[in-house]
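Here is the structure we will look at, set down as structure tokens.
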Amino acid sequence: MNQADSQDESMDEWEVNSTDSEDVDLREQFLRGDLKSGHLYRQQLTEETPVDYAKTINNISGIKKSLLNLKRGYPEQWIERMAVNVPLIAVNDSEDKDKHSTEIDIHDDFNRELSFYQQAQKGVINAFGKLKSLGIETERPEDYLAEMLKSESHMQRVREKLVMQEKIEEMREKAKKDRENRKKLKAERKMGKSKLKSRRSGAFIGAGDELVEESRDKKRKFEDDTKSPRKKFPIKGKLDRNATTNKRRDWKDRKFGFGGKSGKTRKRNSAQSSADMSGFKSYKNSKPSVKKTKGNLNKRPGKLRRKQIKIRKGRN
Amino acid sequence: MHGKRKNKNKPSREPKRPKLAKERPQPKQDTPAEQLPAKITSEQLKVRKNSILKRWTNRTRTLVFSSRSNTFRIRYLMRDLLSILPHAKTEVKLEKKDNLSVINEICELRNCNNCIFFEVRKHTDMYVWFSRVPAGPSFKFLVENLHTTDELKLSGNCLKSSRHILCFDDIFKQTPYLSLIQELFTQTFSVPNFHPKSKPFIDHVLNFSFTDNRIWIRNYQIIDGGTSLLEIGPRFVLNLVRAFEGSFSGSVIYHNPDYISPNLYRSKLKAKKAIEHQMRVEGNQGKKKQKVAPEVDDPLDIF
């Protein structure tokens, strides 16, 4: 029994979640008016909106009747109506063409509007043909001036917006070009630099630069020892000092040294200077011994003392 | 009302007609007759007669107005429609308490046989009724994605109250309820020929497309005989709610199965959010438990 129940349930589920083609059939039946109320057709258009066709109404005979009544009350001539029917053809991107060539993607603004536009254009061509056959003028002469739908101030705003858009577009393009140029220049500079470096590799090092070179070597050694992550993964955008192409900088570095403190301050408060004891004189820096000479000089006790001594003597 | 008016006007106009006929047409009539030799349909003949006499015979008028407590969007849209439709009239806003059947009387008083009535609910949901007065049918639509001409800043422009072409999607002819909609729209939107306020040139199209079970309406300016178009505005989408046999009354002829009322939609959104929130809370609790769990079960604790 249990098994049978579960089977039934699964069947029900299958019926509710019917395939797309069945949905389409139901929809078509409904639009034709063949779907009788009382039959409980449930289908899921989307997850949230189950459509119950039993509750909906499509009274075809009523619609036809009121359509006839409507038509009777209005002139039949085309010129009074000027309405045309034209197929709406969906415009899709080439990628999606295989999937839905007939349906418009309503969330794709550009293509949706384009398909509406094309429909309108076809309609206009169709209608203008009819108007021509009826011998009716459509275009107004240039000297026919009359009030327009949109006011001049509104059109002014539109024009301003268009001009603004153009300006923005121009600026955008200019910025893009500049960016590309800068990139090119940078690449060119880099190429030139690498050439310079190779040329300089055998060049001499100035006489005063030994110290600097030494410190550099030390630094490198230190980095190698610790395997600093900075060296392994150099910070992007920060140029490696060794790869500079600035000739002036190179020359200055060679002359004045690079790395560490500059000039006078280089020897100040260094490890060497702080360890230097040459200027230390112990006799100058040690504390002088305290001499107790004052008490010995003055043999007479103070006034109070003397009084006390007198009193003691008197008692005795 | 209509018939009476026509009868009143007739005697005063009759003497003018022969004058016009005598003065103008002779040279004009001859040339087209030479160009189109054998068969001229009855319609063409009628049109030519009317174009010679310049008679305004089609006296349909459309009443465009709204309920109280409407929004600025609706007011602007109404202004756009009124400037597009020279045969349209407007009325004071309808009191909300009033029954909708009052509209039929208002239309009769204003000599209008079509009606576009905007109804606003909760200051957010806009509905529009299209109705043929007094016999029906009438349609109730939900207005979606409304952009008025003023806010769009589109570069197209056309003559005020010139006549326009109505361009419908083919599907309007093929499905019954849509064909009814097309008929009503043509009657409400098409400008009567030789309407005194209209201009004698055709320089824009009203486009009605049907996708996603909705009607998308666009307005384009025609440039160089239809070789290119420029959009003018407004833009809006109509989602049909129901169609009634009568005007603002009667039995339902069509009930849109795909229509979801904005209230239901909003409540669903809320429910979805609530579920999401619940899930998040539960997820957080699970995370807390997970954080606690490994400390207890840490195998290293044993040693």
*Top to bottom by accessible area (1.4 Å), largest first, where do B:VAL128, A:VAL91 land?*
A:VAL91, B:VAL128
_Using a Förster distance of 25 Å, the FRET efficiency for B:SER155-B:THR124 (Cβ separation, nearest 0.05)_ = 0.25
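When the chain is fully extended, how far beyond the present Cα-Cα distance does A:LEU114 get from A:LEU162, taking 0.36 nm per residue of separation?
Working: separation 48, 0.36 × 48 = 17.28 nm, distance 1.99 nm.
Here the answer is 15.3 nm.
Sort A:ASP143, A:ASP108 by heavy-atom solvent-accessible area, probe 1.4 angstrom, most to least.
Values: A:ASP143 125, A:ASP108 40 Å².
The most accessible residue leads, giving A:ASP143, A:ASP108.
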*List the accessible area buried at the contact between B and A, summed over both sides and calculated with a 1.4 Å probe, in Å² to the nearest 100.*
6800
*asked:* Please compute, for peptide A:156-165, the average count of beta-carbon atoms on other protein chains lying within 10 Å of each residue's beta-carbon.
replied: 2
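Starting from 0.36 nm per residue, how many nanometres of slack lie between B:LYS272 and B:GLN285 once their C-alpha separation is accounted for?
On the way: separation 13, 0.36 × 13 = 4.68 nm, distance 2.00 nm.
Once the chain is fully extended between B:LYS272 and B:GLN285, it gains 2.7 nm.
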_Ranked order, A:TYR283, B:TYR220, A:TYR117 - accessible area, probe 1.4 Å, largest first_ = A:TYR283, A:TYR117, B:TYR220
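Determine the share of the stretch B:166-206's accessible area contributed by carbon and sulfur atoms, expressed in whole percent, with a 1.4 angstrom probe.
On the way: 600 of 1060 Å².
About 56 percent, which is the carbon plus sulfur part of the accessible surface.
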*Tell me, what is the 1.4 Å probe accessible area of B:HIS277, in Å² to the nearest 10?*
100
*Out of the stretch B:114-144, which trypsin sites (Lys or Arg not before Pro) are coil in DSSP terms and have no more than 10 other C-beta atoms within 10 Å?*
B:LYS122
*If you take the beta carbon distance between B:ARG75 and A:GLU28 as r and set R0 to 41 Å, what does 1/(1 + (r/R0)^6) give as a FRET efficiency, to the nearest 0.05?*
0.50
*asked:* What figure, in Å² to the nearest 10, do you get for the accessible area of B:GLU276 with a 1.4 Å probe and non-protein molecules left out?
replied: 90
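The values are calculated or read from the model by the stated rules, or taken from the named source; none is laboratory data. This structure is a prediction, so every number in the text was calculated from the model and none was measured. With ideal geometry, Cβ positions are generated from the backbone for all residues, glycine too; neighbour counts draw on all protein chains shown. When the accessible area is computed, the model is the full protein with side chains, heavy atoms only, and any ligands, DNA or RNA have been set aside. Shrake-Rupley method; radii C 1.70, N 1.55, O 1.52, S 1.80 Å.
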